[in-house]
Structures are given as structure tokens and as C-alpha cells.
Amino acid sequence: MEFLARKNGPSQKVVTSYDALAKAVHGLRAVNCRVVLTVGSWDLLHIGHVRYLLKAKSKGDVLVVGVDTDRAIKFYKGDLRPIVPQEERCEMLSYQSCVDFVTLLDDVDTKGQWQYELLKRLHPDVFVAVEDSYPKEQLNEISKLCDELVVLPRQAENTSTSRMIQYAVKKHLDKMYDLLERRA
């Protein structure tokens, strides 16, 4: 289904209405397209994310990527995240040729638990998750809302958003300590 990536420019890939997205997915299914859904924060997009998206796309014809809103991310990653605002994360994902549609996810409860609204609306052929992203009970719930659940290992051995943040902070702190020691 490469035509989707070519026909839909990056701005056309971002769909803000679940109704419009569900209608598009229904139409694609009518022509026997296999729809894959994955969701995440996608903060500080890196090689692990891109490899993961490519593997997710290989599970079907159309890849829909859900992007957690800034509000949702704060629930499960704390007040210092995300680093990149939700609009920019959506735009960055829309530039990935393997991604056909991007939409925002904001359906978390007060405990930060995903309520599956997008999953329920789309009922994808395949839902792709990263190992250790969800507890087993949650994976069981997710598997009831899609035809197939695929759990992938992390796609980068040395790179993660958390590691990138830790490295940058450590590097700057080390430099500050050096400067302070020189002044002392």
C-alpha cells in the first residue's frame, strides 16, 4: 500500500477525528487491506522508533500510529515529559514513509491507564506493542480488541528516549562541574 504514503502528504496523514479515521480504515478493509495499529509517546524520535515502525508496517498494508498527548504522557512519565510537544511528534511521524495515518490519543484515566478508545473504534487486524510496555493483564485486554497482537522486542540496544535525556543531562552537568572546579 505504498500509494498511501505517496498520495498522502505529511499533513494529510494526521487525522484528528477518530470517526474520519475509522471511516478511512473501513474503506481500506473493504479493498482487503490489512490494518496495523501501534501507539506510543514517540518523544525524541530515534532509530529504535524508526526500526519499530518499519517492523510494525511489515505486519500489514496500512500503518496507523497513535500518539499520546502531552497530558497523557505526564500521567505515566511524569511532569518533565514529553520533551517534544504533541503537534511536533505527530508531524515527525507523518514524515516517515512507512506511516500511513497519525492520530492523537488522549484517553487515559486518572491513573494514566489507556482506555482503548482508538483500539475499540478501529478494531485493527494487528496491534503492535513493545515488550514491557504493558502489563500482562493489559495485553490480554488489548488482544480482545484486535485480530492479532504482536509484541516486539526493543529495536535499539543502546538508544532510548530516557537514555538520550540522561546522557544529555549528564554531559551538561559534567561540563558545569568542570567550570565550577576551574573557578574554585
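Just so you know, all these numbers are worked out from the coordinates, no wet-lab data involved. Keep in mind that this is a model prediction, so the values were computed, not measured.
Candidate cross-link partners of K59 among the aspartates and glutamates, defined by an alpha-carbon separation under 17 Å and a same-chain spacing of 8 or more, comprise E2, D100, D125, E131, D147, E148. In the structure shown, do any of K13/K57; K120/K144; K77/K111; K74/K144 have a Cα-Cα gap over 19 Å, and if so which? Violating the 19 Å Cα-Cα cut-off are K74/K144.
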